[in-house]
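Notes to accompany the following structure.
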Amino acid sequence: MGEIVLQIVSRELLHSLGNNKLDYIIDKILEGKVLLLEEGLTPEEQLTLIKKAMEKVDIDKFKGIEMAFYPEEQKKYGIFAKILKKKISRVMLIGPSDVISEIRRKGNTIETIIRIIE
């Protein structure tokens, strides 16, 4: 029986990676790992991650990524703070498309169906 590795990635590790954060995520997904990020990505980072993943697509080896996240909680800020503040998701699940067959957000939970490849 095959196995799936779920790697929980701390906020500290993501911050320490700096500009290499997205490359780290792509590398782990290419290894077939499912990642649970303690702190998610900004919308800009999500878009860049999708672009990088699409560049790596290979029908036989890598079919792409799936991801789900909870958006940042809405807090009461002044109008200027809202404009200047970067939106970062609170928690994010990312994995290879051939491993994650379905992701569903239900209220305050994220469910995923993970397929074991043999």
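FYI, it's all coordinate maths here, none of it is from the lab. Quick caveat: nothing in here was measured; it's all calculated off a predicted structure. Note: ideal-geometry Cβ built from the backbone for every residue, glycine included; neighbour counts use all protein chains shown.
Just a yes or no: is a residue in region 8-24 touching a Lys or Arg at 6+ places or on another chain (Cβ under 7 Å), at negative phi and surrounded by fewer than 17 Cβ atoms within 10 Å (Cβ to Cβ)?
In the first step, residues of region 8-24 are kept if they are touching a Lys or Arg at 6+ places or on another chain (Cβ under 7 Å); the result is 14, 22.
Now narrow it down to the ones that are at negative phi: 14, 22.
Adding the requirement that they be surrounded by fewer than 17 Cβ atoms within 10 Å (Cβ to Cβ) leaves none.
Scanning region 8-24, I find no residue that is touching a Lys or Arg at 6+ places or on another chain (Cβ under 7 Å), at negative phi and surrounded by fewer than 17 Cβ atoms within 10 Å (Cβ to Cβ), so the answer is no.
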Scanning region 1-32 residue by residue, the ones that are in contact with an Asp or Glu (Cβ under 9 Å, 6 or more places away or on another chain) and assigned to a loop (DSSP other than H, G, I, E, B) total 5
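I need a count of the residues in region 6-43 that are free of Cβ contacts under 8 Å to residues at least 60 places away in the same chain and within 18 Å of LYS63 (Cβ to Cβ).
Taking region 6-43 and keeping what is free of Cβ contacts under 8 Å to residues at least 60 places away in the same chain, we get 6-24, 26-28, 31, 36-43.
Narrowing the set further to residues that are within 18 Å of LYS63 (Cβ to Cβ) leaves 26-28, 31.
Residues that pass the stated criteria total 4.
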For region 93-107, pairs from a residue that is more than 14 Å from GLY64 (Cα to Cα) to a residue that is part of a strand (DSSP E or B) and among the charged types (D, E, K, R), with Cβ under 7 Å and 6 or more apart or across chains, are ILE103/GLU66; ARG104/GLU111
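Mind listing whichever residues of region 33-69 are out of contact with any Lys or Arg (no Cβ under 7 Å at 6 or more places or on another chain) and assigned to a loop (DSSP other than H, G, I, E, B)?
LYS33, LEU41, ILE59, ASP60, LYS61, LYS63, GLY64
Please work out which residue is surrounded by the most Cβ atoms within 10 Å (Cβ to Cβ), limiting yourself to region 29-57 and to residues that are basic (Lys, Arg) and touching a strand residue (DSSP E or B) at 6+ places or on another chain (Cβ under 6 Å). Write out each step before concluding.
Initial filter on region 29-57 (basic (Lys, Arg)): 33, 51-52, 56.
Now narrow it down to the ones that are touching a strand residue (DSSP E or B) at 6+ places or on another chain (Cβ under 6 Å): 33, 56.
Numbers: LYS33: 18, LYS56: 15.
Checked region 29-57; the qualifying residue surrounded by the most Cβ atoms within 10 Å (Cβ to Cβ) is LYS33.
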